[in-house]
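Note sheet for the following structure.
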Amino acid sequence: MSSLVILILIIAGFALLSYFGHSINKTAGNIAVFAAAVLIPLYWFTRVDFSETVSFTISGFQMELGYNMYGKLFSLIVMILSPLALIYALGYMKDSKRTGTFYFSFLFSILGMTGILMSRDFISLFIFWEIMTWSSYLLVIFLGKDVEKTGIRYMVFSALGAYAMFMAIVIIHRNTGSMMLNDYFNAFGNFSTGTKFLTGILLMFGFALKSAVMPVHVWAPGAYSNTPMAYTSVFSGALSKMGVYGLGFVVINLFAHANLHFAGTILAWLGAVTAVLATFSAIFQDDAKKLLAYSSIAQLGYIVTGIGIGTELSIFAGLYLAVLHAAFKGVLFMAAGAVERQAGSTDMTEVTGLIRKMPLTFFASLVAIIALAGVPPLGGFVGKWMLYESLINNGNFLMVIMIFLSSTAAFLYSYKFLFGLFLGQEEPEFENVKEASPLMTIPMLLLSVFLMITGSFPGIVFKYIAEGMTDLGFHDVNWQMSVLTNAWGDSVNLQHVTLSIGVVFVVFLIFLTWKGYKKTYYVSTKDISSSGEVIKPEDNMTYSTDFYKPFERVLHPILKRKIEKYYDEFGEGIGALFDFMRRIYTGNGQTYAFYVIVFLVILLVFSKNIFGY
Amino acid sequence: MEGIGYKILGALLTTLLAFTVGMFYAGFRRKIIARIQNRVGPPVYQNFLDVLKLLSKKTSVNHGIMQHLAPLWLITMSVSTLMFIPVLKDGLFFTNLNFSGDLIFLLYIMVFGPLGMALGAGQTGNPNSAIGVSRGLTQMVGFEIPWIMAIVALMIQYKTTSVTGLLDIQSQNGTWMMFSSPLAFIAALLAMPGMFRYAPFDIVGAPAELASGPISEFGGKYLSTMMTSGSIFAFVKLTLYVDLFMGGASNLIELVIKTFALYMYPVLWGAVSPRFRTEQAVRYFWGWPLFFGFAALIYAAF
């Protein structure tokens with residue numbers, strides 16, 4: 001049997017095994033989950049044959065599975081992040097109920113993603129896409145919080161995306177007579193302009209929805225923050241990347257090669273607007289989970305911008321950011337989950353001063369935040385740099401300014417996340433908080449080590465991206481292990497950067513620590529200079545409510561409007577429309593017969609205009 | 001120019017130069033402001049004395065590791081940034097790592113220090129520190145936008161993103177960019193006081209409101225490191241402006257004259273200004289500076 005089919009079967013088998021294991025007892029289930037986390041990536045890395053294709057025919061439709069290098073790049077994200085998240089989940093879900101369902105849906109969403117990335121035809125793509133959507137839906141409503149609002153929102157928007165995709169697939173089949181992706185890409189140039197736009201935009205809509213591009217992002221903040229954090233790291237890190245995967249091949253294979261660049265540009269603009277507005281929203285969140293959710297939307301905005309611009313460097317930057325985003329947002333959601341579990345809340349106005357209680361979690365979050373903010377010498381900078389340079393080289397100066405605005409404003413929420421949860425005054429309430437279990441901290445630390453290495457040697461990721469881009473039609477993409485170069489030949493040597501920062505850091509670290517730090521003794525955060533006032537242990541002096549009030553005052557005119565409002569109004573409008581429809585569909589058989597006759601008459605009268613004969 | 005020894009010596013000399021110049025500038029600033037306010041003022045070398053005095057002080061308490069590291073982020077950032085900025089157009093000693101980084105990189109490494117410092121200030125638990133950080137970051141979003149617009153305008157106009165590339169273009173054309181791209185220069189100049197955080201933009205430290213804000217829990221070695229870093233960073237910023245808009249400098253005297261002239265602008269403006277509120281500061285930066293930034297971009301692109 002083919003290794004690809006075996007891979008799918010292994011994942012499905014482990015899903016069932018963890019489900020039934022958990023229904024026997026917890027230990028058995030956990031062993032199954034652990035085995036899944038180890039064996040699935042092991043199989044993928046050692047046994048899967050990436051040159052293999054499997055095809056079979058179901059009811060006249062030919063289906064084909066097989067990796068290409070572009071899919072392999074995204075599979076790499078899935079296969080590294082999901083096992084770590086599974087191991088993390090073993091710690092995170094230790095005391096929860098219905099863990100069987102959780103792991104079942106978790107593994108099935110991995111199956112969905114794996115399947116999407118190896119689908120070579122639209123039918124299997126659609127089937128796996130639906131598997132992924134449904135299993136993630138089960139996880140969104142898993143905690144039973146806000147099901148009416150977030151659950152239904154997620155479902156409705158996912159269904160919209162699926163319908164759009166389905167319509168596109170039907171139209172494509174009608175025009176090409178084949179379900180293969182490659183047949184579509186090859187035939188695209190010969191389509192009429194209308195069909196080009198219709199299929200392209202419908203597909204783009206379906207994919208953009210999953211990657212939470214404005215204005216179809218509204219499902220994301222609620223869904224990301226309501227899901228158990230063990231899954232959110234995959235949800236935001238890997239699952240949303242499926243949208244990016246799709247956008248990549250739509251924008252490059254279709255629009256770039258059919259000279260419809262402006263469609264990509266529109267997508268890039270949407271990405272930039274998404275980045276800015278989502279960043280502004282993230283800044284004013286008080287819940288760390290919501291903050292991270294909005295931040296995910298913003299980061300996906302950068303990725304979409306990179307993909308949408310469609311030059312070699314920008315796509316390279318977009319794909320690199322996609323990999324990096326999986327790593328750092330994975331860490332951050334895991335850290336938020338660890339805090340939620342250990343301290344009982346992720347409300348940044350309540351939780352403070354956990355740094356000395358949860359040092360490992362803090363360290364991992366710090367590294368991830370530095371990477372997110374794009375500050376050298378960590379990996380995030382590389383992606384930011386390439387994105388800016390590609391936009392500047394391309395002359396998209398307004399978009400550069402927007403991305404800059406968004407990433408400068410991102411410092412605000414980056415700091416707020418770290419300050420809100422880990423810094424500030426240490427309160428007696430959180431005195432007994434302990435560090436999370438090694439099952440939770442080790443995945444975070446592994447990912448942060450990855451982020452540190454990519455700061456000096458991004459080449460380890462570039463290699464796979466360059467391979468993947470050959471499938472998008474970019475051959476011989478230039479990359480070096482640790483030197484970044486833009487189209488004008490300006491470069492950054494990352495090893496020099498790391499070396500310079502490292503040397504200065506160590507020199508002054510010795511200077512500051514030498515003969516001094518050991519002799520100082522720790523005093524609590526209540527023992528501070530306070531103009532003579534004595535602070536009692538129970539006084540909470542942390543400044544965390546309305547942290548960015550002045551900024552809010554500046555942005556007030558912009559933030560007054562929320563896109564959700566328009567959707568709600570739209571919903572009401574639809575309600576009114578269907579109210580009207582009910583008068584047409586009276587439930588009386590005779591009226592229906594009348595409608596059918598009217599319809600046929602119209603067809604007969606206008607048949608020439610409609611069908612052309 | 002070969003040999004690691006030369007490189008290290010060059011780096012040390014550059015740092016020492018930046019430190020000395022920055023310290024004297026700060027001394028001049030105190031003197032000038034004192035004279036404007038009809039005081040005698042401290043001697044010009046007062047800041048050296050302050051740093052030495054602080055170095056001799058012992059620190060006996062700490063609030064944890066992030067606080068300990070806070071001055072370290074700052075000084076790492078200022079010295080590393082210095083290494084990537086061309087001090088002289090073609091000096092023997094001051095080349096350092098000029099060719100290893102470009103402007104975008106510089107923009108990003110320049111926020112490394114303030115963010116690390118903010119984390120350290122956060123760990124002290126002092127509410128004034130947190131308020132200061134919140135204000136500082138907000139202000140940063142304000143002034144970065146026109147400043148970035150000015151820089152992007154230069155990049156697009158001259159098709160290079162490296163500082164050395166822009167310097168070369170200026171010496172080839174024989175003109176300064178403040179004349180060849182005046183709009184970008186105006187935008188950058190209007191954003192500059194925010195970068196220096198002198199009045200009216202001294203909302204982070206705000207002595208009378210926040211008890212000097214983020215630095216309020218630091219003393220001794222820590223404070224002296226911060227002062228050192230601050231003076232180096234002032235030199236870095238001034239040199240960057242001179243490199244970008246005033247054609248760089250071919251010797252140290254030219255550099256000192258140009259940077260000092262530039263430095264007087266935020267100082268003198270600050271000497272006669274009261275303090276903005278945070279939102280007023282941001283609104284200021286998103287007003288005329290933004291307008292000139294847009295104008296510069298349009299001028300550069302068409």
Looking only at the stretch B:160-209, and only at residues there that are among the aromatic types (Phe, Trp, Tyr) and outside any helix (DSSP H, G or I), the one that is farthest from the other protein chains (Cβ to nearest Cβ): B:TRP176
Qualifying residue in the stretch A:113-121 (condition: open to solvent by less than 60 Å² (accessible area, probe 1.4 Å) and within 18 Å of A:THR232 (Cα to Cα)): yes
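If you go through the stretch A:386-395, how many residues are crowded, with 24+ Cβ neighbours inside 10 Å and either more than 7 Å from chain B (Cβ to nearest Cβ) or within 21 Å of the chain's Cα centre (by Cα) (or both)? Even if it seems obvious, please write down each step before you answer.
Let us first name the residues in the stretch A:386-395 that are crowded, with 24+ Cβ neighbours inside 10 Å, namely A:386-392.
This time we only want the ones that are either more than 7 Å from chain B (Cβ to nearest Cβ) or within 21 Å of the chain's Cα centre (by Cα) (or both), so: A:386-388, A:390-391.
So the answer is 5.
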Filtered residue count, the stretch B:69-112, keeping only those that are at pLDDT below 85 and assigned to a helix (DSSP H, G or I): 4
Top-ranked residue in the stretch A:492-521 [being at the interface with chain B (Cβ under 7 Å from one of its Cβ atoms) and hydroxyl-bearing (Ser, Thr, Tyr); ranked as nearest to A:ASN394 (Cα to Cα)]: A:SER500
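Being within 7 Å of another protein chain (Cβ to nearest Cβ) and either over 23 Å from B:ALA70 (Cβ atoms) or within 16 Å of the chain's Cα centre (by Cα) (or both) is the filter here; which residues of the stretch B:92-119 pass it? Even if it seems obvious, please write down each step before you answer.
Let us first name the residues in the stretch B:92-119 that are within 7 Å of another protein chain (Cβ to nearest Cβ), namely B:97, B:100-102, B:104-105, B:108-109, B:111-112, B:115, B:118-119.
Within the stretch B:92-119, B:LEU97, B:SER100, B:GLY101, B:ASP102, B:ILE104, B:PHE105, B:TYR108, B:ILE109, B:VAL111, B:PHE112, B:LEU115 qualify.
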Checking A:TYR184 against (1) open to solvent by less than 10 Å² (accessible area, probe 1.4 Å); (2) within 30 Å of A:GLY91 (Cβ to Cβ), the condition it does not meet: (2)
The stretch B:120-132 - residue that is in contact (Cβ under 8 Å) with a residue 40 or more places away in the chain, under 23 Å from A:ALA409 (Cβ atoms) and open to solvent by less than 10 Å² (accessible area, probe 1.4 Å) and, of those, nearest to the other protein chains (Cβ to nearest Cβ): B:GLY122
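Across the stretch B:239-276, what is the total count of residues that are of a type in the set (A, V, I, L, M, F, W, C), open to solvent by less than 10 Å² (accessible area, probe 1.4 Å) and farther than 14 Å from B:TYR198 by Cα?
Total satisfying the criteria: 6.
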Selection from the stretch A:367-381 of residues that are open to solvent by less than 10 Å² (accessible area, probe 1.4 Å), at pLDDT below 90 and more than 9 Å from every other protein chain (Cβ to nearest Cβ): A:GLY379, A:GLY380
Only listed residue being on the phi > 0 side of the Ramachandran plot, of a type in the set (Gly, Ala, Ser) and in contact with a helix residue (DSSP H, G or I) (Cβ under 9 Å, 6 or more places away or on another chain), chosen from A:GLY301, A:GLY310, A:GLY264: A:GLY310
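When you check B:GLN157 against the structure, is it in contact with a Ser or Thr (Cβ under 9 Å, 6 or more places away or on another chain) and away from every other protein chain (no Cβ under 12 Å), yes or no? Steps first, answer last, please.
Details: in contact with a Ser or Thr (Cβ under 9 Å, 6 or more places away or on another chain): yes; away from every other protein chain (no Cβ under 12 Å): no.
When the stated conditions are applied, B:GLN157 does not pass them.
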Given (1) away from chain B (no Cβ under 14 Å); (2) surrounded by fewer than 18 Cβ atoms within 10 Å (Cβ to Cβ), number of the condition A:LEU451 does not satisfy: (2)
Of residues in the stretch A:310-366 being within 13 Å of chain B (Cβ to nearest Cβ) and more than 28 Å from B:GLN67 (Cα to Cα), the one surrounded by the fewest Cβ atoms within 10 Å (Cβ to Cβ): A:LEU313
Filtered residues of the stretch B:181-227 (kept if in contact with a Phe, Trp or Tyr (Cβ under 9 Å, 6 or more places away or on another chain), under 21 Å from B:THR239 (Cα atoms) and open to solvent by 30 Å² or more (accessible area, probe 1.4 Å)): B:PRO182, B:LEU183, B:ILE186, B:LEU189, B:LEU190, B:TYR198
Residues being more than 16 Å from A:GLY383 (Cα to Cα) and open to solvent by 80 Å² or more (accessible area, probe 1.4 Å) - total across the stretch A:474-494: 2
Any hit, the stretch A:405-426, residues being modelled with pLDDT under 90, closer than 30 Å to A:GLN480 by Cα and open to solvent by 10 Å² or more (accessible area, probe 1.4 Å): no
Positions within the stretch A:153-205 being within 22 Å of A:ILE131 (Cβ to Cβ) and touching a strand residue (DSSP E or B) at 6+ places or on another chain (Cβ under 8 Å), in sequence order: A:MET179, A:MET180, A:LEU181
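The values are calculated or read from the model by the stated rules, or taken from the named source; none is laboratory data. The model shown is predicted, which means the values in this text are computed figures rather than measured ones. Every residue, glycine as well, gets a Cβ built from its backbone with ideal geometry; the counts of neighbours run over all protein chains shown. With ligands, DNA and RNA removed, areas are computed over all heavy atoms of the protein, side chains included. Shrake-Rupley method; radii C 1.70, N 1.55, O 1.52, S 1.80 Å.
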